[in-house]
Amino acid sequence: MFNRIHHIAIICSDYEKSKAFYVNKLRFKILNEIYRSERKSYKLDLAVNDLYQIELFSFENPPARPSQPEARGLRHLAFEVDDIELEIQNLNKEGVETEAIRVDEITGKRFTFFTDPDGLPLELYEK
């Protein structure tokens, strides 16, 4: 059903400190860095061993996470799929509710979210 983990998104409390850690200490390669002024948020795309895997985000005063999607810490896990509509149908048949399909404004790819039993946000991201 799932091909692989597409990316891991992390919201940090101190963007410059986290960026220095991931880039300088862990030696992840910067693929793209943008500042989204409407959100007052940075998005840093990082490669692990030349494979795009980590998104580092900053948000103003992120709340501690019980399950909020813009909270500090692990944001969500994303799984790449070949056919998002088919996989949504498969999840729905298993009683898993999914959000409406959205389109990534940067890549143009389709995605949706659902949660695990503890409320951890999970994403399907179409190949």
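Since every read-out is calculated from the coordinates, none of them should be taken as a lab result. Predicted model only: the values in this text are computed from it and were never measured. Note that we place each Cβ from the backbone using ideal geometry, even for glycine, and neighbour counts take in every protein chain shown.
What does the net charge come to around R27 if you take all other residues with beta carbon closer than 14 Å to its beta carbon, with K and R at +1 and D and E at -1?
+2
Report the FRET efficiency, 1/(1 + (r/R0)^6), for E38 and N92, where r is their Cβ-Cβ distance and R0 is 25 Å, rounded to 0.05.
Computed FRET efficiency for E38 and N92: 0.15.
Could you tell me which GluC sites (Glu not before Pro) in the stretch 1-71 are loop residues by DSSP with no more than 13 other beta carbons within 10 angstrom of their beta carbon?
Counting only loop positions with at most 13 other Cβ atoms within 10 Å, the GluC sites (Glu not before Pro) in the stretch 1-71 are E38, E60.
Expressed as an acute angle from 0 to 90° and rounded to the nearest 10, what is the orientation of the C-alpha long axis of helix 84-93 relative to the principal long axis of the chain?
Its long axis makes an angle of about 60 degrees.
Quick one: which residues, 5 or more positions from S41 or on another chain, have an amide H under 5 Å from its amide H? H modelled 1.01 Å from N in the peptide plane, none for Pro or chain starts.
Answer set, sorted by chain and number: R36.
Please compute, over every Cα-Cα pair in the stretch 4-126, the percentage with a separation greater than 26 angstrom.
Percentage above 26 Å: 23.
Towards the positive end of the charge dipole of the stretch 4-126, with charges on Cβ (+1 Lys, Arg; -1 Asp, Glu), say which of T107, F21, L56 has the farthest Cα.
F21
Could you let me know the centre-to-centre spacing of the stretch 102-119 and the stretch 1-23, using Cα atoms, in angstrom?
That distance is 16 Å.
Taking every DSSP beta bridge that has both residues in the stretch 4-126, what percent is antiparallel when rounded to the nearest 5?
Just about 75 percent of them are antiparallel.
If you add up the charges near Y52, with Lys and Arg at +1 and Asp and Glu at -1, over every other residue whose beta carbon is less than 12 angstrom from its beta carbon, what do you get?
With Lys, Arg at +1 and Asp, Glu at -1, the neighbours total -2.
Would you mind working out the magnitude of the charge dipole of the stretch 4-126 relative to its Cα centre, with +1 at each Lys and Arg C-beta and -1 at each Asp and Glu C-beta, to the nearest 20 Debye?
Dipole magnitude for the stretch 4-126 comes out near 720 debye.
Give me the net charge for the shell around A9: Cβ to Cβ below 11 angstrom, other residues only, Lys and Arg +1, Asp and Glu -1.
Cβ neighbours under 11 Å give a net charge of -2.
Using only the Cα atoms of the stretch 18-78, construct the convex hull and provide its projected area averaged over every direction, in square nanometres to one decimal.
Reported value for the Cα convex hull: 4.6 nm².
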